[in-house]
Structure formats: C-alpha cells, structure tokens
Amino acid sequence: MPAGVNQDVARVGCLVAGEWRTDGPVAERVGPWTRAVVSAARQAGPDDVADALAYARGAARAVARMSPAARAAVLDRAAERVHGRRDELARLLALELGKPVKDGRGEVDRVADTFAVAGAEARRVGGEVLPVAGWPRGVGNTALTHRAPVGVALSITPFNAPANLLAHKLAASFAAGNTTLVKPPPQAPATSAALVALLLDCGLPPEAVQVLHGDGAVGAALCAAPEVGVISFTGSAATGAAVARAAGAKRLVLELGGNAATIVCADADVAAAARVCAVTGYSNSGQSCISVQRVYVERTRYDEFVEVFTREVEKLAVGDPLAPATDVGSMVDDDAAERVVAWAREAAAAGATITTGGRREVASMAPTHLRVPVGTTVTFVNHPGNAGERGVTQFFEGLFDVRLAPGQSFTFTFTRAGEYFFNDPGSPRSTGKIEVLP
C-alpha cells in the first residue's frame, strides 16, 4: 500500500476520571506495513496526570468495596465478549504493529483466557490461618492473614503483545480489587483503548481504570507518584531500571524479557524440531520473549538440523500482515528492521555467510540465518540513532551479555561452535541467528 493517510484512522482519547478526553495534542501512529496513519492518540499532559491521580485515590475505595463475585462477573462477560471481537482486534494489531492476523487472533484468544482466569482468581482471593498454637506462647491464640487491595496500580504495557499483556495486568489488578492506571505503548494506542472500552461495556466501573497515552515523561510522572502503590511493567531491562529508579520505595513487578534455550538431542525428531524452531523463532518478527532464542544441538545431528532448519525458515511467508497466509509481517518500525540488517551486514563483512535473509523491505525483515566459522572476529556498533529512547542495546544473549551505549562498539571473536540468536534492542528478543561452525 502506498504511503499516505488512512481515511479509516482509529482516533482514541485518554480516559481520565471516567471521561474520554479527545481535545488536545495528538500523536499519530504510522503502520509499519501500510505506511499510512492507522491510529491517532490524544497525548496526556501534566494536568491529565494530576487529574488521574486525584481521581484514583477515591476510585480505589470504590473498587475495593465491590464484591469478588461482582468483579468476577465483569471479567467472565469480557472473556465471552472478546471472542466476538476477535477479527476486529487482530486487524488493529496488524495495522498498528504489522503482526500477522493469524498471530493476532492467537493473541486475542489468550486475552479471553486471561480474563477467564482472572475472573476465577477474583473468587479465590483469601488468606491463611497460621498454626501459632504449635508454640507455647501461641496456645489459645489464632493468627489470620487477609489479602487486601493495594489501592492504585500502574500498568505499563509493551508493544509486542499489547492486548494480552494489558489483559494480564488490568484484569489481575481489578480481580484483586484495585484501580489501575494504564500507560499503553505508543505503537498500539488503538488496540489498548479498544480493549479497555470492551471491559467498560462489560460492566467494568469507570473507577477501575484510566488510560494515559504519552511519552516517557508521562510514564516517569506516574511511576514517581505517591498515590501509586504497585507498578507492573513489561519491556526492556534498560527501561525497567528507569522505572525502578523513578518508583522509589514501591512494589514492583518487572518482566524484562527472556533468554530461553531449545535443546535438540541426538534421538530427537530433527524435522519436527527444526520446524518448531523456525516458526517460533521468527514469529512476531522475533519480537517475543517466548520465541526460540538459542538452540543447542547434539554434534551428531548438528549438520542435519542446520540444513532442515534453513529450509524451514525459507518456507516462512513474509509480507502483508493482513493476509491470512503470512507468517512474518513487519517489525515495529523501520529502525528496528534496519538494526538487524546492519548487524547481518557487519557480520558478513567480518567473514560470516548469510545463508538466508539479511535483507528488509521497509520494516519487514526477512528471517535471517548466518554461519560464522570459529575464530571469526566481529565488531558491532550501537549507532547513536539506533537505540531510540532506550539508549542501551544488548547483543547475542546466551553467548555473552554486552550492553552498549549509543556510539560504543564491541569487538569479539567466536571461540565456540553453536547457534546464537541476535536481538532487537527495542524488545530484546531474537530477530536473527548466528551459527558458529565447528
């Protein structure tokens, strides 16, 4: 689709004190595949943040007074309602993020499951009876614990699974009797707002949620606010550290990515293993904390695995995320795709062989596999313009852990055979793989 302005732009506001505020500054989201404006979000300012925090204090008391049965009923209705909005939400994910619709539908299915689980947990919030009578000083006494709502929770959600991770945070917070301030990712404002609106339609009281779109300054102000009792954040390690610094002495729930390994043993079904690794290693363009990020193969099956794996990767359909058959859509933006291309190019210049991929079309990155002989020396540079707001990049999880500030470089020599994925710093997950030959 040629660049331009989509006439069907999803325009969303900030939800503050029970009202959607739409007047004010707006940030537009250009779809990484469509190259058109797909959504526009009203940006929160200092007054919005102040109003939201003031409202949250009273709202927390109102939500805490709701019975567990009432909270569970809302979440149960939402779980049912999501199924009927499956295609609509998957389309939003494809437009805003370039996520293939079949992956988007899977994410929406997980949203329904998350709402259902949260509803069940709302009914199970309880406490304990402690056996203090087992000691002489406790005879005749009974000790009880009771779990009470924190009050105000802040949920900061990432771009790679904006619907499901919003559901994880908001549904769990509401199930426990809290009010929640939501700071959505700027790359998926319409998806986030649509899910909140669905919950409100299902009976979620307006006191239970507020939505504030904005940049890092908005997030920092919310993190530092004394009204906030707990922060749930999913994203990069660097941003997580910034959240912790701004939060001070608050409860923190930080999910900062994964570094999962896949082990292929000598007696494995190599064809099946290679197929699964190819699909899960490059799903969501590798921008997933549960993607295959490292593969360890027993030496006797190594060559066979690499051959089959490469064939499976080449079968992946790359293209329009709205097409039903697409396996790999776009990365979150052009800069993310260019980072991966640059890393592959730098590795090839140092002696690696790109067996497949290594190229991009705008924000769509072809799944990339490199073969690097032992003894090859490679230098990677974190160019100042590549780190975005994060300013820190992590390379080659599993081989070593290196963090580079903008403009810094690092030179290393591969001394061990194996397979190593390299990552997108915007969401430190696998977007390519280096194979070091024995």
**Fill in**
Simple spin-label estimate for residue 123/residue 57, 7 Å along Cα→Cβ, in nm, reads 3.7
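Multiply the residue separation of residue 113 and residue 290 by 0.36 nm, subtract the distance between their alpha-carbon atoms, and state the gained length in nm to one decimal. Don't skip to the answer; put the middle values down first.
Numbers: separation 177, 0.36 × 177 = 63.72 nm, distance 1.76 nm.
Gain on extension, residue 113 to residue 290, equals 62.0 nm.
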**Request:** Within the set of other residues whose C-beta is less than 13 Å from the C-beta of residue 315, count the net charge using Lys and Arg as +1 and Asp and Glu as -1.
**Result:** -1
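Could you tally the net charge around residue 10, taking each other residue with its Cβ under 11 Å from the Cβ of residue 10, Lys/Arg +1 and Asp/Glu -1?
-1
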**Fill in**
Here the net charge surrounding residue 82, from other residues whose Cβ is less than 15 Å away from its Cβ (Lys, Arg +1; Asp, Glu -1), is -1
**Message:** Take residue 81 and residue 201, extend 7 Å from each Cα along the Cα→Cβ direction, and tell me the distance between the two endpoints in nm.
**Reply:** 0.7
**Message:** How far apart, in nanometres, would the label points at residue 132 and residue 26 be if each is projected 7 angstrom from Cα along the Cα-to-Cβ direction?
**Reply:** 6.0
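In what sequence, highest mean first, do 323-332, 355-364 appear when ranked by Cβ atoms within 10 angstrom? Before the final figure, lay out each step's value.
On the way: 323-332: 21.6, 355-364: 19.1.
Highest mean packing first, the order is 323-332, 355-364.
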**Request:** Give the long-range amide H neighbours of residue 202: residues separated by 5 or more places, or on another chain, with amide H under 5 Å away, using H modelled in the peptide plane at 1.01 Å from N.
**Result:** none
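By counting other Cβ atoms within 10 Å of each Cβ, how are 14, 289, 265 ranked from fewest to most?
Details: 14 27, 289 20, 265 12.
With the fewest neighbours first, 14, 289, 265 line up as 265, 289, 14.
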**Message:** Can you order the peptides 75-82, 233-240 by their average number of other Cβ atoms within 10 Å per residue, highest first?
**Reply:** 233-240, 75-82
**Request:** Would you grab the residues whose amide H sits under 5 Å from the one on residue 234? Only those 5+ places off in sequence or on another chain, please, with H modelled 1.01 Å from N.
**Result:** 156, 255
**Complete:** Ordering 209-221, 141-153 by per-residue average of other C-beta atoms within 10 angstrom, highest first, gives 209-221, 141-153
**Prompt:** In straight Cα distance, which aspartates and glutamates are under 14 Å from residue 183, not counting same-chain residues fewer than 8 positions off?
**Reply:** 48, 215
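For residue 67 and residue 144 in one chain, what is 0.36 nm times their gap in residues minus the Cα-Cα distance, to one decimal in nm?
Details: separation 77, 0.36 × 77 = 27.72 nm, distance 2.04 nm.
Fully extending the segment from residue 67 to residue 144 adds 25.7 nm.
Quick one: dipole size for region 326-374, taken about the Cα centre, charges +1 on Lys/Arg Cβ and -1 on Asp/Glu Cβ, in debye to the nearest 20. Show your work: numbers first, answer last.
Working: 5 positive and 7 negative charges, 60 e Å.
So the magnitude is around 280 debye.
Quick note: the coordinates plus some simple rules give every number you see, no bench work behind them. Everything numeric here is computed off the predicted structure, so don't read it as measured data. Cβ coordinates were reconstructed from backbone atoms using ideal geometry, including for glycine residues, and neighbour counts include every protein chain displayed.
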